[in-house]
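Each remark here refers to the structure printed beneath this line.
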Amino acid sequence: MQSDASSNEPIIEINDVTKIYGSDVRAVDNVSLTVNRGEFFALLGPSGCGKTTLLRMLAGFETPTEGKVIIDGDDMAEVQANKRPVNMVFQSYAVFPHMTVAQNVGYGLKIDGVAKKEISARVEEALELVKLGGLGSRMPDELSGGQRQRVALARALIKRPSVLLLDEPLSALDAKLREAMQLELVRLQKTVGITFVIVTHDQAEALSMADRIAVMESGFVRQVASPAELYEHPTNRFVGDFIGQINLFSGSASPAGEGKVNVSAAPLSDQVLDGTATGSVCVAVRPEKVNVSRDKPADSNLLSIQGSVADIAYYGGYSNLYVDVGAADPVLAEITNAERGIGPGYAQGETVWVSWRPEDTLLFAE
Amino acid sequence: MDNWRKSPGAFWASFIPPTLWLLAFFLAPLSLIWAFSFGVKTGITEIDITWTFQQYARALEPLYLSIFAKSLWMAGVTTFICLIVAFPVAIAIVFAPPKARMWLLLLVILPFWTNLLIRTYALIAVLRTRGHVNFTLEWVWENANGFLIFIGLGNFNLIGERFEPLALLYNNTAVVVGLVYVALPFMVLPLYAALDRLDRSFIEASLDLGAGHIRTFWSVVVPLALPGIASGIVITFIPTLGSYLTPDLLGGTDSQMIANVIERQFKSANDWPFGAALSFLLMYATFFGLALRALLTKREGMGDRV
Amino acid sequence: MSLLGNLLSRRGKSEIGPLEYHRRLWLRVTVALTLIFLYMPILTLIAFSFNDSKRNVVWRGFTFKYYEKAMNNSELIEAFVNSLTIAFVSTIVSVILGALTAYVLWRFRFPFRAAYEGAMALPVVIPEICMGVALMVFFLRTGFNTGGWVWPFNLSAITIAHIAFSFPFAAIVIRARLESFNTELSESAKDLGASEYQVFKDIIVPHMKPGLIAGALLAFTLSLDDFVITFFTSGPNTLTFPVKIYSMVRFSVTPEVNAASTILIVITVIITALALRLQNRNNMLQAG
């Protein structure tokens, strides 16, 4: 989903940034990142991973303990929050309750000393952009949550910032509204052409909206890549496990010639796979890549294991089969319920074979 | 909430004791002096309740009006000083780290728990002619004088021939200092509560949109903390207006406030009807302030009053 | 004072963030000056209670002699014991009445409830002087002259007055605590067969406990702190601590008064610390 608007010209450069709270809490640990102009960039991770701290350092509400933040070519070290070329949409929206919608949206322009006439024209324009045209005289408490968020968006966008920062902008909305808003944010970003940096803990949100995603965990950036790349080619166990579902087998690997390793990870033994990781490793495969059959697959290239069906979970369009293969965790296989009436077509306790292609196998160093 | 009829036994058992106490030892005494305020004195202890307004009319004489005005003025000045001092203190406490915040709050409240008389006495010891402030000033003067003599300017009496202790006590300034000393925590607490409730992202949003700290203070913090500011002003102003001890002990003959006049009517002057009328005027002023606050804060619930 | 020093010195470790107002120098100075203003007089008073000089201003060396003098002042001791007795009785009754008031207002809907709530808040808001003179007149007129009774009943009038202004305060604190009560708890107790009284005793009172402690602390300090109402309701023969100190203060500033005041300050600080501790532990138990 690489957008045409984005380029390879960096607009944000984060260089070796560390944030230490108190004496030893490393909220952000030696992070380096580049966000390109016009990009929709997501910081994704579980709560407490440092993504919000990183965003707040871009906004200027936190100062890095070490490292540098460069926005639009300028070092931000000496630049106060109110002088930065970025604007933010807060998680709580922070729409001023004592000002009308129009006063809220026009606040930033008023501070910049823009003429009253221009302010009202631009406010109306910004409200149209977020589909709130004509609601300028309302008070925030007369608006719904979704509308309040649009006010926050308009208020931040009206200053035409180089970068718009969004802190968990959709977390307070209900599921249906959230989905509609995801599409709208993407549309809005393409319309205004401003770089968006969004913080979220919701992988579906990040995968569906962002051009590129940085996955964070306990202060570190684990991988930066496009959504498809993250899902199909995670570079480490955390990213593979955090995004989507995955089967993991721990074991060890030894070199087996040019770009190959010999892996043993119960219940797999002596499998030669593509890869370079040796020593303690982890073999992984996505559930939808796993095939289930009653007979041993004929293709000897496939990795196949015999087991018995431990559990079946029916989800309508697909079913999840949990196959006990003698390892710590059962193997999860996602089966499309292609034929009407028979569901997955297997019974609990039935002996089956699970198999997948070697090229669908992921190998992580541990 | 249940209708009382649903469990009348429990209702009456818990309703009667406090109600009786309030009726007997609060509402009855107040009603008594309320009735007295419409009476006239006919003997040393006899009072005839004639439902006349003459006591209230007397309270409007220039002498008493000026005392009312003076009380309002002193309470107003005290409240204003408290507001100016308490706002930065409340800001500093709210934004301090949690542990320091707890200690600072405790430090501000602690004097609350010290007997008012003792605190006032402590101020007297500090401010009197032969008190600590004057003693320190005298020490400074002597050293300065010694220095002047040392550099050869001793004969010109540049800082006076001899140290004159400042009259820090028994005047209006001393009363205001004492009132501020007593009332400051009353102002800090509601301001603290209001600022604590204020979502910090409002301040951040304002900074993010380009406003400076001072601009943010006036256009975001003050409007949003307005209910707390109103609360602080009212709960500082009301007890201050009715102060008895502070003007009595720290004030001079011309710094008597309304409560001192009331006390005189009930004790040395022995004019209960007039004292009762003055008491009720003070109470009506109090109610007016409370109504104003209710109007400003538009919030209800017993829990907000302290 | 080390905290004050701390306030001023702990800056400059890292850059001050935009919302770290507490680290800005001018705010620190304001806080420090305010605390000095609040504490200097009290601390000076305590320090000079140990000063070996009658003139009270110049430091002449450490002594306990004014404490001895205060301890041997039988009137002072009598006043002290009286005040503590009043505070003790007033606290117990105030907490009971306060808990009942809070319970009634929290639990029941009844006619004129809003007016009732307003009336209960009156003692909290009306000026002390008004309440003081009203009670004085009331006790004189009804002939409720307890001053001549045998100890401790000679303190009845003052104690009654203290309860009258303390229990509405206690009610506010206890009511605030009750707001966090989950009514499903009392419903399930009833469902299991508990009577109205058993629910109150076994479920509601234990939940109230932190509120009861806070209310008791408040009632005790209000009683010890009060001067005005005690001043008006104590007869000529009843000695209470504030009234005794008042007459001494009017007379002059002496180290003996400093010593007596210090003892009272120490007592209040200890009780407050104890109550805070108890409350904290309770809160922690609730949270855990």
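The values are calculated or read from the model by the stated rules, or taken from the named source; none is laboratory data. Predicted, not measured: the structure shown is a model, and the values here were computed from it. All Cβ positions, glycine included, derive from the backbone under ideal geometry; neighbour counts span all protein chains shown. Heavy atoms of the whole protein, side chains included, go into the accessibility calculation; ligands, DNA and RNA do not. Shrake-Rupley method; radii C 1.70, N 1.55, O 1.52, S 1.80 Å.
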- Note, the range A:28-43: 3J(HN,Hα) by Karplus (6.51, -1.76, 1.60, θ = phi - 60°), whole Hz, Gly/Pro = x, goes 10, 10, 6, 9, 10, 8, 10, 10, 8, 4, x, 8, 9, 10, 10, 9
- Message: Give me the 1.4 Å probe accessible area per residue for the range A:10-238, excluding ligands and nucleic acids, in Å².
- Response: 40 Å²
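Can you send over the carbon and sulfur percentage of the accessible area for chain B, probe radius 1.4 Å, protein chains only?
Working: 9580 of 13860 Å².
Taking all protein chains in place, chain B shows 69 percent carbon and sulfur surface.
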- Task: Amide H neighbours of C:Asn73 under 5 Å, at least 5 residues apart or on other chains, H built in the peptide plane: list them.
- Result: none
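Can you give me the accessible area per residue for the range A:287-366, using a 1.4 Å probe, in Å²? Write out the running numbers ahead of the final one.
On the way: 4470 Å² over 80 residues.
It amounts to 56 Å² per residue over the range A:287-366.
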- State the percent of C-alpha pairs, over all pairs in the range A:245-365, separated by a distance greater than 19 angstrom. 46 percent
- Query: Whole-Hz Karplus ³J(HN,Hα) for the range B:47-58, in order, using 6.51 cos²θ - 1.76 cosθ + 1.60 and θ = phi - 60°, x for Gly and Pro?
  - Reply: 10, 9, 8, 9, 6, 9, 9, 5, 5, 5, 4, 5
- Task: May I ask you to find the residues of the range B:110-153 that are shielded by at least 50 Å² of accessible area once the whole protein assembly is considered instead of their isolated chain (probe 1.4 Å)?
- Result: B:Trp113, B:Asn115, B:Leu117, B:Ile118, B:Tyr121, B:Arg128, B:Arg130, B:His132, B:Phe135
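Please report Rg over Rh for the range A:203-311, where both radii come from the alpha carbon positions and Rh follows the Kirkwood definition.
On the way: Rg = 16.0 Å, Rh = 15.9 Å.
Computed over Cα atoms, the ratio is 1.01.
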- Message: Less than 30 Å apart at the alpha-carbon level, and either on another chain or at least 8 residues along: which lysines does that give for A:Lys260?
- Response: A:Lys289, A:Lys296
- Query: Expressed as a whole percentage, what fraction of the accessible surface of chain C belongs to carbon and sulfur atoms when a 1.4 Å probe is rolled over the protein heavy atoms?
  - Reply: 65 percent
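Compute the relative contact order of chain B as a whole-number percentage, counting only Cα pairs closer than 8 Å that sit 6 or more residues apart in sequence. Let's see the in-between values first.
Values: 293 pairs, mean separation 77.0, N = 306.
Worked out over chain B, it gives 25 percent.
Just counting partner chain Cβ atoms within 10 Å, what average do the residues of peptide B:282-292 show around their Cβ?
On the way: counts 4, 8, 0, 1, 4, 3, 0, 1, 3, 0, 0.
Mean partner-chain Cβ count within 10 Å for B:282-292: 2.
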- Item | Relative contact order %, chain C, counting alpha carbon pairs below 8 Å whose residues are six or more apart | 27 percent
- Query: So how tilted is helix A:116-129 from the main axis of chain A? Cα-based, degrees 0 to 90, rounded to 10.
  - Reply: 20 degrees
- Amide H to amide H under 5 Å from A:Asn337: which residues, 5+ apart in sequence or cross-chain, H placed 1.01 Å off N in plane? A:Tyr318, A:Ser319
- Check: C-alpha center the range A:169-237 vs C-alpha center the range A:113-164, spacing in Å is 24 Å
- Query: Distance from the Cα centre of the range B:223-279 to that of the range B:4-45, in angstrom?
  - Reply: 24 Å
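Take the residue pairs A:Lys83/B:Lys99; A:Lys19/A:Lys131; A:Lys68/A:Lys116; B:Lys99/C:Lys209 and return only those whose Cα atoms are more than 28 Å apart. Write out the running numbers ahead of the final one.
Values: A:Lys83/B:Lys99 32 Å; A:Lys19/A:Lys131 38 Å; A:Lys68/A:Lys116 38 Å; B:Lys99/C:Lys209 25 Å.
The pairs that break the limit, which is 28 Å between Cα atoms, are A:Lys83/B:Lys99; A:Lys19/A:Lys131; A:Lys68/A:Lys116.
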- Along Cα→Cβ, 7 Å out, is where each label goes; now give me the distance between the ones at A:Leu177 and A:Ser47 in nm to one decimal. 2.0 nm
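For chain B, what are the DSSP H helices with axial Cα length of 18 Å or more and mean Kyte-Doolittle hydropathy of at least 0.0?
Values: long enough: B:8-22 (21 Å, 0.85); B:62-95 (49 Å, 1.95); B:132-150 (27 Å, 0.37); B:172-197 (37 Å, 1.45); B:226-241 (22 Å, 1.76); B:272-297 (37 Å, 1.44).
TM-like helix candidates: B:8-22, B:62-95, B:132-150, B:172-197, B:226-241, B:272-297.
At a 10 angstrom cut-off on C-beta neighbours, averaged per residue, how do the peptides B:61-72, C:166-177 rank from highest to lowest? Write down the numbers at each step before the final one.
On the way: B:61-72: 14.0, C:166-177: 26.0.
My ranking of the peptides, most packed first, is C:166-177, B:61-72.
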- With every protein chain kept in place and a 1.4 Å probe, the residues C:Ser156, C:Ser90 fall, from largest accessible area down, as C:Ser156, C:Ser90
- Item | Solvent-accessible surface (1.4 angstrom probe) belonging to B:Arg130, in square angstrom, nearest 10 | 110 Å²
- How much accessible surface does B:Phe237 have with a 1.4 Å probe, in Å² rounded to 10? 60 Å²
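In peptide B:64-72, what is the residue-averaged number of other protein chain Cβ atoms found within 10 Å of each Cβ? List each step's numbers first, then the result.
Working: counts 0, 0, 0, 0, 0, 0, 0, 0, 0.
If you average over the peptide's residues, the count of other-chain Cβ atoms is 0.
May I ask for the accessible area buried between chains B and C, both sides summed, probe 1.4 Å, to the nearest 100 Å²?
On the way: alone 19070 and 17450 Å², together 27920 Å².
In total, this chain pair buries about 8600 Å².
What accessible area per residue comes out for the range B:1-136, rounded to a whole number of Å², with a 1.4 Å probe? Walk me through the numbers on the way to the answer.
Numbers: 6330 Å² over 136 residues.
Heavy-atom accessible area per residue stands at 47 Å².
Looking at chain A, I'd like the Rg to Rh ratio, where Rg is from alpha-carbon atoms and Rh is Kirkwood's inverse mean 1/r. Write out the running numbers ahead of the final one.
Working: Rg = 24.9 Å, Rh = 23.3 Å.
Computed over Cα atoms, the ratio is 1.07.
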- Task: Take each of the peptides A:187-196, B:35-44, B:251-260, B:135-144, average the number of other beta-carbon atoms within 10 Å over its residues, and list them starting from the highest.
- Result: B:251-260, A:187-196, B:35-44, B:135-144
- Note on the structure: Any trypsin sites (Lys or Arg not before Pro) in the range B:181-262 that lie in a DSSP loop and have at most 14 other Cβ atoms within 10 Å would be none
- Item | Candidate lysines for bridging to B:Lys41, where Cα separation is under 28 Å - those fewer than 8 sequence places away on the same chain excluded | B:Lys70, B:Lys267
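Please list the helices of chain C that count as membrane-span-like by this rule: a mean Kyte-Doolittle hydropathy of at least 1.0 together with Cα atoms stretching 20 Å or more along the helix axis, each helix being a complete DSSP H run. Display every interim value, and only then the final one.
Working: long enough: C:25-47 (30 Å, 2.02); C:74-107 (49 Å, 1.41); C:156-178 (31 Å, 1.46); C:205-225 (29 Å, 1.03); C:255-287 (47 Å, 0.82).
Going by DSSP H runs, the hits are C:25-47, C:74-107, C:156-178, C:205-225.
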- Item | Two-site FRET efficiency, C:Glu75 against B:Trp139, from Cβ-Cβ distance with R₀ of 41 Å, rounded to 0.05 | 0.65
- Message: Loop-only trypsin sites (Lys or Arg not before Pro) in the range A:217-271, please: DSSP not H, G, I, E or B, and at most 13 other Cβ atoms within 10 Å.
- Response: none
- Carbon/sulfur accessible area of chain A, % of total, 1.4 Å probe, equals 47 percent
- Note on the structure: Rounded to a whole number, the mean other protein chain Cβ count within 10 angstrom for residues of B:1-14 is 5
- Query: Where a Cα-Cα gap under 17 Å defines reach, which aspartates and glutamates qualify for C:Lys65, not counting those fewer than 8 residues away within the same chain?
  - Reply: C:Asp52, C:Glu256
- Message: Based on alpha-carbon atoms only, what is the radius of gyration of the protein assembly as shown relative to the globular estimate 2.2 N^0.38 Å?
- Response: 1.24
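For the range A:272-366, run through the chymotrypsin sites (Phe, Trp or Tyr not before Pro) and keep only the ones in DSSP coil with at most 13 other Cβ atoms within 10 Å of their Cβ. Please report the intermediate quantities before stating the final value.
Values: sites: A:Tyr314, A:Tyr315, A:Tyr318, A:Tyr322, A:Tyr346, A:Trp353, A:Trp356, A:Phe364; in loops: A:Tyr315, A:Tyr346.
Sparse-neighbourhood loop chymotrypsin sites (Phe, Trp or Tyr not before Pro): A:Tyr315.
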- Contact surface B-A: accessible area buried, both sides summed, square angstrom, 1.4 angstrom probe: 1800 Å²
- Item | Mean residue ellipticity (222 nm) of chain A, computed from DSSP H runs ≥ 4 via -39,500 (n - 2.57), nearest 500 | -7000 deg cm²/dmol
